[in-house]
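Everything on this sheet refers to the single structure shown next.
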There are 2 protein chains.
Amino acid sequence: MRRNTWQREAVREALGNNEGFVSAQMLHSGLREAGSSIGLATVYRALADLGSAGEADSLQSDQGEVLYRACTPGQHHHHLICRSCGLTVEIEADAVEAWAHQVAADNGFTQPSHVVDVFGMCAKCSAD
Amino acid sequence: MRRNTWQREAVREALGNNEGFVSAQMLHSGLREAGSSIGLATVYRALADLGSAGEADSLQSDQGEVLYRACTPGQHHHHLICRSCGLTVEIEADAVEAWAHQVAADNGFTQPSHVVDVFGMCAKCSAD
DNA sequence: CGGATGAATGATTGTCGTTCTCAGTATGGC
DNA sequence: GCCATACTGAGAACGACAATCATTCATCCG
Ligand SMILES: [Mn+2]
Ligand SMILES: [Mn+2]
Ligand SMILES: [Zn+2]
Ligand SMILES: [Zn+2]
């Protein structure tokens, strides 16, 4: 059975305190600097669990690092992400969902899934 | 100045002979098995160059490996990729382009870019 | 409340894709 | 042909992440 540990809760909370996407290593060093004794492997495990439970979204940075973000559970959505500060806006777009299904079907593909992310410079970062 | 070597040409040709996305390591072992003495680092460098020259598209697999594919140059497009065999179809979708721009603008984001990939099981792999 | 069970932890080691190093090679301009 | 130097490639280094395993502690049960 799944046990409740302060480590899992610490990762969940740290994730919620971040506006944008963060890596396991970033979360770990942040927690350590705040005095926690949590281990890196535990942060990885907690993030993987949160991801598969639908409580966190993930994406890969250009450098191949996996980034996580607390996620409104239950609803399928995508993200608009600031390349400079990481500010992230959740996006719903039924039109894109339908388009992805249609494209797959038109080419004889079944069990379609898709990756859709929009990047840019947020208003604040654009002003700088 | 950029020099022309048989190694670069070998990578370009090997990439063109592949239907779907392939990794640097896959290309390297394929070339080696065909008798080439090309080095792994050179394959990585050639692929990076082809990518920045717009002659190859790249994406990251779920495992974080970077995959490359010869690309019809000049035109912006996306990909429909078979999760099983790697068969890839190039897709153009002005509607999605427009949507991405609109979403960014609506949220005050400038200089928008986007990542759009559709995955599925191709007709042949669906039958198996 | 104990005491037993085994899931969870974390320091460490291992893995693997990718990049770096650097001595040797070979391309392109002269 | 000669030279400057871009390029190559074997191997070492790097970095994110997974696996290991002795230890800890959350949960269950009496
Ligand atoms: Mn979607
Ligand atoms: Mn596009
Ligand atoms: Zn920003
Ligand atoms: Zn297929």
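Overview of results
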item: Test: residue in the range A:5-18 that is within 16 Å of ligand 3 (Cβ to nearest atom), farther than 29 Å from B:I91 by Cβ and not aliphatic (A, V, I, L, M); result: yes
item: Residue tally, condition part of a loop (DSSP other than H, G, I, E, B) and within 23 Å of the chain's Cα centre (by Cα), over the range A:100-119; result: 0
item: Some residue of the range B:105-122 being touching a residue at least 40 places away in the same chain (Cβ under 8 Å) and away from ligand 1 (no atom under 16 Å from the Cβ); result: yes
item: Residue match in the range A:38-57 (condition: among the acidic types (D, E), more than 15 Å from ligand 1 (Cβ to nearest atom) and more than 26 Å from B:V89 (Cβ to Cβ)); result: yes
item: Criterion: farther than 24 Å from B:I81 by Cβ and outside the structural domain of A:T5 (by TED's automatic domain parsing) - qualifying residue of A:R83, A:R45, A:R69; result: A:R83
item: Test result for A:A48, more than 16 Å from ligand 3 (Cβ to nearest atom) and within 14 Å of chain B (Cβ to nearest Cβ); result: yes
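Matching residues to (1) crowded, with 18+ Cβ neighbours inside 10 Å; (2) within 7 Å of another protein chain (Cβ to nearest Cβ):
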position	(1), (2)
B:T88	yes, no
B:V96	yes, yes
B:Q102	no, no
B:M121	yes, yes
B:A127	no, no
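The values are calculated or read from the model by the stated rules, or taken from the named source; none is laboratory data. Since this is a predicted model, take the numbers as computed values, not measurements. Methodologically, a virtual Cβ is constructed for each residue, glycine included, from the backbone with ideal geometry; neighbour enumeration extends over all protein chains shown.
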